[in-house]
1. For the stretch 235-248, which positions are touching a helix residue (DSSP H, G or I) at 6+ places or on another chain (Cβ under 8 Å), free of Cβ contacts under 8 Å to residues at least 12 places away in the same chain and part of a helix (DSSP H, G or I)?
2. Looking at (1) touching a Ser or Thr at 6+ places or on another chain (Cβ under 7 Å); (2) surrounded by 16 or more Cβ atoms within 10 Å (Cβ to Cβ), which is the only condition Val136 fails?
3. Please indicate, with yes or no, whether at least one residue in the stretch 225-238 is in contact with an Asp or Glu (Cβ under 8 Å, 6 or more places away or on another chain) and modelled with pLDDT under 95.
4. On the phi < 0 side of the Ramachandran plot, at pLDDT 95 or above, surrounded by fewer than 20 Cβ atoms within 10 Å (Cβ to Cβ) and not basic (Lys, Arg): which single residue out of Gln33, Gln41, Gln26 fits that description?
5. Suppose we keep only residues that are within 20 Å of the chain's Cα centre (by Cα) and among the acidic types (Asp, Glu) within the stretch 12-55. Which one would you say is farthest from Ile90 (Cα to Cα)?
6. Let me confirm something: among Arg156, Arg194, Arg170, which residue is within 18 Å of His239 (Cβ to Cβ) and either surrounded by fewer than 21 Cβ atoms within 10 Å (Cβ to Cβ) or modelled with pLDDT of 95 or more (or both)?
7. Quick one: is Asn270 touching a helix residue (DSSP H, G or I) at 6+ places or on another chain (Cβ under 6 Å), of a type outside the set (Gly, Ala, Ser), farther than 28 Å from His96 by Cα and in a helix (DSSP H, G or I)?
8. Can you name every residue in the stretch 248-278 that is within 15 Å of His141 (Cβ to Cβ) and surrounded by fewer than 13 Cβ atoms within 10 Å (Cβ to Cβ)?
Amino acid sequence: MRVSVVIPCRNEQDNIGLVLQSLLEQTPPGVFQEVVIADGQSADATLERIEAFRVAFAHRNIRLRVVDNPGRSTPSGLNRAVGAAAGDFIIRIDAHCKLGPTYVDELVRGYLAGGADVVGPTVRYFGTTELARHIVAVLHHPLGNGGTASRNSLKRAVQVKHTVMSCYRREVWEALGGYDERLLSNEDFDFDYRASERGFRVVSLPAPVYWAKARPTLGAFWQQRFRYGYWKYRVVEKHPRSLHLRQLVPVVFGAACVVGLVFPPLLVVNALVLSLLGLLVWRGDRSLALPTVIAVLAANYLGWAFGFLWSLTRHLASRPSRPAPGTRG
């Protein structure tokens with residue numbers, strides 16, 4: 001079985017080197033045969049960073065390729081990378097991560113052993129700033145990650161509707177028509193959900209661990225959560241049954257904050273609830289600053305909620321108005 005690693009990227013000069021070095025260190029030798037990077041017309045030194053690794057990959061008999069992604073988005077990059085890949089089995093990773101030395105091998109073995117069509121690792125986070133350390137703590141806690149299977153310690157493989165960093169047989173991508181390029185985020189959830197609905201078996205594995213890089217600042221984290229919430233609503237439009245009750249919790253919390261602008265006591269209640277939740281997260285690592293934990297938790301919930309609500313508002317505003325009863329067009 002030929003294995004291809006695909007990476008969508010754009011302006012990742014500060015991160016792409018760590019990813020490629022992680023791939024060079026994969027064992028056993030020959031566990032994958034090529035890396036295809038879809039570059040979204042980077043304006044920084046990303047391509048130069050990639051080129052610096054070309055000889056090292058060639059020495060390991062691994063083909064390193066770069067394809068152009070004129071659409072610049074993640075789903076269009078994935079479609080171009082997978083379309084250009086020669087492998088039967090596709091391993092998708094992002095440009096801001098790091099991998100253990102047996103990452104690819106464990107994914108391949110998990111796929112072969114479990115009878116699954118789509119598999120994904122467990123995800124953990126790492127940070128490079130003090131603020132990122134607090135973000136990591138929040139995202140590692142069930143109160144911060146929603147208790148999803150791939151983001152908590154799994155004891156065994158679990159069949160799910162969506163796993164993180166999905167890896168799959170090429171036939172799955174072909175059957176689904178690739179990633180939906182209308183979705184600028186949450187394209188991975190949509191892909192997995194459609195695969196599951198088509199009868200493909202999607203599985204989260206207890207190993208390996210995919211190490212994702214946490215955002216370095218609170219503002220960057222807020223923007224990420226807002227984007228996730230915004231595009232999550234677009235996915236819910238497409239797949240209404242995919243919405244989980246737990247995903248409504250931050251939406252209700254965000255809506256309550258908006259109502260609190262005209263009914264201030266509700267803001268006090270929200271602040272107390274948020275402080276209590278922050279305290280529960282902080283108890284897991286008391287070296288953290290409690291006020292910062294609470295601020296990160298607020299950005300996590302409210303960023304996602306306001307993104308979701310803004311997307312909903314735009315959707316409702318774009319719907320054509322219906323004529324009043326009894327009127328003629």
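The values are calculated or read from the model by the stated rules, or taken from the named source; none is laboratory data. Computed from a predicted structure; not experimentally measured. Every residue, glycine among them, receives a Cβ derived from its backbone with ideal geometry; neighbour counts consider all protein chains shown.
1. Of the residues in the stretch 235-248, the ones touching a helix residue (DSSP H, G or I) at 6+ places or on another chain (Cβ under 8 Å) are 235-239, 242-243, 247.
With the extra rule that they be free of Cβ contacts under 8 Å to residues at least 12 places away in the same chain, the set shrinks to 236, 243.
Passing the criteria: only Val236.
2. With (1) touching a Ser or Thr at 6+ places or on another chain (Cβ under 7 Å); (2) surrounded by 16 or more Cβ atoms within 10 Å (Cβ to Cβ) applied to Val136, the lone miss is (1).
3. No, the stretch 225-238 contains no residue that is in contact with an Asp or Glu (Cβ under 8 Å, 6 or more places away or on another chain) and modelled with pLDDT under 95.
4. Values: Gln41 fails: on the phi < 0 side of the Ramachandran plot; Gln26 fails: surrounded by fewer than 20 Cβ atoms within 10 Å (Cβ to Cβ).
Only one candidate passes the filter, namely Gln33.
5. Asp14
6. Among Arg156, Arg194, Arg170, only Arg194 is within 18 Å of His239 (Cβ to Cβ) and either surrounded by fewer than 21 Cβ atoms within 10 Å (Cβ to Cβ) or modelled with pLDDT of 95 or more (or both).
7. Here the answer is yes, as Asn270 does meet what is asked.
8. If the condition is that a residue be within 15 Å of His141 (Cβ to Cβ) and surrounded by fewer than 13 Cβ atoms within 10 Å (Cβ to Cβ), then Leu276 is the only one that fits.
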